[in-house]
Amino acid sequence: MINRIKYLRISLLNSCNLNCFYCRPPQQENDTYVSKNYTNYQNSIKLLHTLGVEKIRFTGGEPTLYKQLPELMQFVKKTDPNIHTAMTSNAILLKKKAEQFADAGLDSVNISIDTLKAKKFCSVTGRDKWQDMIDGIEESIKYIPKVKLNTVLIRGTNDDEANDLIQFANRLKIDIRFIEFMPTKLNSENSEQYISGDEIKKRLPYNFVSTKNDPSTAARYLSSPDLDIKVGFINPVSHSFCAMCNRIRLTSDGRLYGCLFSGASFNLFDSLEQGYETASKEVHRLIAEKTYKGCSRKTGDSAFFPSFVNMGG
Ligand code: SAM
């Protein structure tokens, strides 16, 4: 048992069908769209479940580009039907694939939506695919048991849309969470675009009340008599939630990380080749040495990784 660690996030691949400036800076290339690592992922999931993982989130890059994702979801459910199987996606491919993922066992999806304006979507993501995202959200609601929206707050880009996004989510009857912009090695020039969750909350026209929160989730949820949904704030920069952290992260090159803001890691795929016992010892060592130092706003002081497209957000 790795005591408090229950939640594994797998960044399945670096590739993405969008180029969000805050997530994948221009110097970052797509890797190829090949479905590599399938057996490595299976073995990693098997081991980490044995050690206590109860929830797995597939992310990336864009996880829906990973060709064997439905099989991997089925594998998770076959390993243990009680493992909560989640995904974070930009929804571009979900119009076509939501039903297939739901059939494969996907329990919940968090969909990234940074703007309700098609033209702005194009300038943030570099792609003219706003309508595909909207269609993907609608199709997901039809098939996937739990759908939530995620918006990264960017001063001067979408901070004026927070209420419109809440109203959009309210019409669809799905919760929305606002995420503070986090610095990485490659997005330092954007750090003045940071805006705190508290500043956004103050601007909103609701009498918010706190709801009962699952202590291990990063979001603090609020409700309002004027809304049918909950509004969550994920404020890693202004309010550290390290004390509740129950997660570890696996990247597509096989590295297992204990913390988004610490480079401490080892290659789980290599370690599994030495057998489950060796890999298990390494996992325990990583967890024992896991840091809880939080995210600083100052780039370089904080993230060690080039961009979120590698780490999975
Ligand atoms: N492609 C998928 C998507 O768009 O949701 C999954 C990968 S994406 C890296 C996962 C999450 O990280 C998204 O919600 C994204 O908005 C968030 N993210 C990316 N860069 C970020 C940054 N600099 N600060 C905060 N969140 C970020």
Distance between modelled label sites at residue 211 and residue 278, nm, 7 Å Cα→Cβ extension: 4.7
How much FRET efficiency would the formula 1/(1 + (r/R0)^6) give for residue 116 and residue 74, where r is the Cβ-Cβ distance and R0 is 41 Å, rounded to 0.05? 0.75
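Okay, helix-only estimate at 222 nm for the chain: each DSSP H run of n ≥ 4 adds -39500 (n - 2.57), divide by all residues, round to 500 deg cm²/dmol; what do you get? Numbers along the way, then the final one.
Values: 10 runs with 98 residues, N = 313.
Taking each H run of at least 4 residues, the total per residue is -9000 deg cm²/dmol.
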Give the cross-link partners of residue 281 among the aspartates and glutamates, using a straight C-alpha distance below 15 Å as the criterion and excluding same-chain residues fewer than 8 apart. 270, 273, 289
Express in Å², to the nearest 10, the accessible area of residue 54 obtained by rolling a 1.4 Å probe over the protein heavy atoms while all chains stay in place. 100
Cα-based equivalent ellipsoid, the range 2-311: semi-axes from gyration tensor eigenvalues, Å: 29, 22, 20
Summarise the accessible area of the chain (1.4 Å probe, protein heavy atoms) by the percent that is carbon and sulfur. 50
So what's the net charge close to residue 203: Lys and Arg +1, Asp and Glu -1, counting the other residues with Cβ under 13 Å from its Cβ? -3
Given a 1.4 angstrom probe, what's the average accessible area per residue across the chain, in square angstrom? 43
Rank by packing, highest mean first: peptides 87-96, 276-285, 144-153, with packing defined as the count of other Cβ atoms within 10 Å averaged across residues. 87-96, 144-153, 276-285
Tell me, in nm to one decimal, what length is gained between residue 54 and residue 84 on full extension, where the rule is 0.36 nm per residue of separation less the Cα-Cα distance? 10.2 nm
Straight-line reach from residue 202: which lysines have a Cα under 17 Å away, not including same-chain ones fewer than 8 places off? 230
For residue 179, the residues 5 or more places away or on another chain with a placed amide H closer than 5 Å to its own amide H are 151, 152, 153, 234
Across 117, 202, 97, the residue with the highest GNM fluctuation in the chain (Cα network, 10 Å cutoff) is 202
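The values are calculated or read from the model by the stated rules, or taken from the named source; none is laboratory data. All values derive from a computational prediction rather than experimental measurement. Because the Cβ atoms are built from the backbone with ideal geometry, glycine has one as well, and the counts that use them run over all protein chains shown. Calculation scope for accessible area: heavy atoms of the full protein, side chains included, ligands and nucleic acids excluded. Shrake-Rupley method; radii C 1.70, N 1.55, O 1.52, S 1.80 Å.
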